[in-house]
Amino acid sequence: MMILLRSFALVLLACGIGAAHFKLFGTPVQWDLAPNQLATPGVSVSKQLVEGADTPTNVTPEDSQEVDPGVVDDPRAQTGDPPAHAVVLGQHVGLEGAVLLYEMAMNGEGAIVDARRREEYEQGHILGAYHLPPGAFSGGAVPNVVRDFLITSQPVLIYCNGGDCDDSKNVGIKLQEIGFTQIHIFDDGYPAWADAGYDTATGGDP
Amino acid sequence: MSDERRPWLPGWDLAFARLVLAGIFLFAAYMKLRGVDDFARAIPKFELVTDHAIVEWIAYIVPWIEAVCAFALVIGFWARAAALVLFLMLMGFAAAMLSVIARGLEVDCQCFGEYFGARVGWSSIARNVVFMAIAAPVFARGAGMLAIDTAIARRRAAGSEGV
């Protein structure tokens, strides 16, 4: 009986400390990604990614090289409307959207981030992807990969293993906290990319 | 002096178990509190508690229960009670993991924050069972050597012998 009472006292003490911690120092948890911020209309419209439904284009591995992800020379850009040929990408993208963002990354206009574990990354990842798991941000640190290779104003495609995998979303939230404004989550993840036969690589960071 | 004459000092094995358990849970608590947002975001994935307000409280309180009990184990004060709390927590975690596996969910454990970001699976349950096996003797037999509980018991015994 005495042990039960002492156990209860320990739990009560911990609840008090936890509640004080939460009330005094706790910050609201960001449960999901914030909406992407669009580039200012008329200022930087070339290859601008526009919020909305996922891309309507059908890109296959064979013809993906012919797709220009954001050919924009349209007066509607000056009014803030989506340019006629702009690729419409949501924050969550499918395989086609991932291909377009991959091409932008290959042209130095974006980046790809692999949020999976190191061993998974080394076994195979999207060509040019940087390895950046959620754990790299532990303790509020800004990982070297972010500091050295990513640009806050450029789109970042993040993926993990698809399905219920949350790592890509968690990395996206961390990047938004740092100041990244165009986060795109590849929901189907690496398995879909590899199955479709797109470019992959093995080993360490590019 | 034999253990029969000093039943409150069963030996070094309990002290070792107590300190190992304390180390595990201090580390787990530290990692969870270091990334409390990540821990909070992992909880609803278990689909047992989904209300965000409740989840935020859980995310702050669970690591502190681990930390307080681990600290009690380190100093050997109310060690049996602390071991009981941790044993029950491990049992609860194992039950939650079992339900995740039964429902076919793919959930990251976050048991040690981001340090071991492994998916919940049979290995996670096996790990919990091992930890329970470490906690059980401390709960059943006491703190062992180098503990405040033991020092108090020794003093009481000496007092009663003096009387």
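Each value in this text was obtained by applying a stated rule to the coordinates, not by laboratory testing. On a predicted model such as this, the values are computed, not experimentally measured, just so you know. When we count neighbours, we look across all protein chains shown, and the Cβ atoms used for this are built from the backbone with ideal geometry, even at glycine.
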Ranked list, fewest to most other Cβ atoms within 10 Å of each Cβ, for A:Asp188, A:Asp205:
A:Asp205, A:Asp188
What residues have an amide H closer than 5 Å to that of A:His131, excluding those fewer than 5 places away on the same chain, when H is modeled at 1.01 Å from N in the peptide plane?
A:Asp114
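Which value results for Rg/Rh of the range B:92-150 when Rg is the Cα radius of gyration and Rh the Kirkwood radius based on the inverse mean 1/r?
Details: Rg = 15.0 Å, Rh = 13.2 Å.
Dividing the radius of gyration by the Kirkwood radius yields 1.14.
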What span do the alpha-carbon atoms of chain B cover on each of the three principal axes, reported in whole Å from largest to smallest?
61, 28, 22
What shape does the range A:99-161 have by the C-alpha gyration tensor, where a ≥ b ≥ c are the square roots of the eigenvalues, rounded means a/c under 1.5, and otherwise prolate means a/b greater than b/c and oblate the rest?
oblate
Would you calculate the convex hull of the Cα atoms in the range A:149-206 and tell me its volume per residue in Å³?
95 Å³
